[in-house]
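Below: one structure, written as structure tokens.
The values are calculated or read from the model by the stated rules, or taken from the named source; none is laboratory data. Everything numeric in this text was worked out from a predicted model, so none of it was measured. Neighbour counts are summed over all protein chains in view; Cβ atoms, including those assigned to glycine, are modelled from backbone coordinates with ideal geometry. Heavy atoms of the whole protein, side chains included, go into the accessibility calculation; ligands, DNA and RNA do not. Shrake-Rupley method; radii C 1.70, N 1.55, O 1.52, S 1.80 Å.
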Amino acid sequence: MTVVGVDGCKAGWIAVRRDPGAAPSVAVFPSFAALLDALPADATVAVDMPIGLPDLSQNGGRGPEALVRPLLGNRQSSVFAIPSRAALYAHTDGFTTIGAWYAAHRQASEVAKATSDPPRGVSIQAFGIFAKIREIDAVLIARPELRSRVFESHPEVAFCRLNNDQAMHLPKKIKGAVNPAGMTERKALLCRHGYSRGFLDRTPPRGAAADDFLDAAVMMLIAGRIASGEARPFPDPPLADRFGIPVAIWA
């Protein structure tokens, strides 16, 4: 079975793919739908993006976030709470100015506060990926058959699970910049799980950053674990949103 790991990137979506009997490959796609259309019908996909949106955001997130944070030690801040569906869809237009972007962020924060208990706004980090969350959400609403093939995961949870349930010691980024030591630590772990260092050291495709590439690579290993029945969902069994989309972080 083809297994694919996916992460969002500046140009769209970066995917690391492994077909049966073949070495891994990497490519960037402009949309999530285009990525799916390039895959075999039975491919298993693990993606670093929230899937399944709450109508009311509870303290700590949807449920999966609160379950995985204790696994990560100093890395748990990488798992942020997902706001309500209404907040995610509060502003769906494109942005032509920085001012419009910040105004949309403020609007989303106000909606998030009104649909969360306790009231909680939206971080800049979370708002920056709203469009990509909506992109996957739209695909899974329109194509329910994909819900058994497309799974949410999280890189730091994935690295932890692959590291005998020990969180990574070093951060992948420091103040927004890639931390070479943290990247090296993660590459060494990926190599222990079958990657070649030459593949991981290659320059990412245009429009994707080095950490996007690494996150997609570890997502591919989780897709393999899901396909083989080794992966575990948090929570187990998964929850579901009002559209019936499963809500769980797999690793």
Restricting attention to segment 152-183, and to residues there that are among the basic types (K, R) and open to solvent by less than 80 Å² (accessible area, probe 1.4 Å), which single residue is nearest to F213 (Cα to Cα)? K172
What tally of residues in segment 187-215 results from selecting those that are in a helix (DSSP H, G or I) and within 17 Å of the chain's Cα centre (by Cα)? 6
Looking only at residues in segment 1-25 that are assigned to a strand (DSSP E or B) and of a type in the set (K, R), which one is nearest to V47 (Cα to Cα)? R17
Give segment 169-178 a look and list any residue that's more than 15 Å from N74 (Cα to Cα) and in contact with a Lys or Arg (Cβ under 9 Å, 6 or more places away or on another chain), or say none. V178
Check on A223, assigned to a helix (DSSP H, G or I) and either in contact with a strand residue (DSSP E or B) (Cβ under 7 Å, 6 or more places away or on another chain) or on the phi > 0 side of the Ramachandran plot (or both): yes
Among residues belonging to segment 116-137 that are of a type outside the set (A, V, I, L, M, F, W, C) and touching a residue at least 60 places away in the same chain (Cβ under 8 Å), point out the one that is surrounded by the fewest Cβ atoms within 10 Å (Cβ to Cβ). D117
Would you say A181 is among the hydrophobic types (A, V, I, L, M, F, W, C) and over 19 Å from the mean Cα position of the chain (by Cα)? yes
Cβ-Cβ below 7 Å, separation at least six or inter-chain, first residue in segment 188-217 and closer than 14 Å to V16 by Cβ and open to solvent by 40 Å² or more (accessible area, probe 1.4 Å), second modelled with pLDDT under 95 and outside any helix (DSSP H, G or I): which pairs? A210/V178
Kindly indicate whether V28 is open to solvent by less than 20 Å² (accessible area, probe 1.4 Å) and either in a strand (DSSP E or B) or in contact with a Leu (Cβ under 6 Å, 6 or more places away or on another chain) (or both). no
Inside segment 138-151, can you point out the residues that are open to solvent by 10 Å² or more (accessible area, probe 1.4 Å) and under 25 Å from M1 (Cα atoms)? V139, I141, A142, R143, P144, E145, R147, S148, R149, F151
Are any of the residues in segment 101-108 over 16 Å from the mean Cα position of the chain (by Cα), more than 30 Å from A41 (Cβ to Cβ) and touching a residue at least 24 places away in the same chain (Cβ under 8 Å)? yes
Only helices (runs of 4 or more DSSP H) wholly contained in segment 37-115 count here; list those with 3 or more residues that are closer than 22 Å to D137 by Cα, at pLDDT 95 or above and open to solvent by 40 Å² or more (accessible area, probe 1.4 Å). 98-114
Starting from residues that are of a type in the set (A, V, I, L, M, F, W, C) and in contact with a Ser or Thr (Cβ under 8 Å, 6 or more places away or on another chain), keep the ones in segment 219-228 and report whichever is most open to solvent (accessible area, probe 1.4 Å). A227
Does R134 meet the test of being over 20 Å from the mean Cα position of the chain (by Cα) and either in a loop (DSSP other than H, G, I, E, B) or under 19 Å from F243 (Cβ atoms) (or both)? no
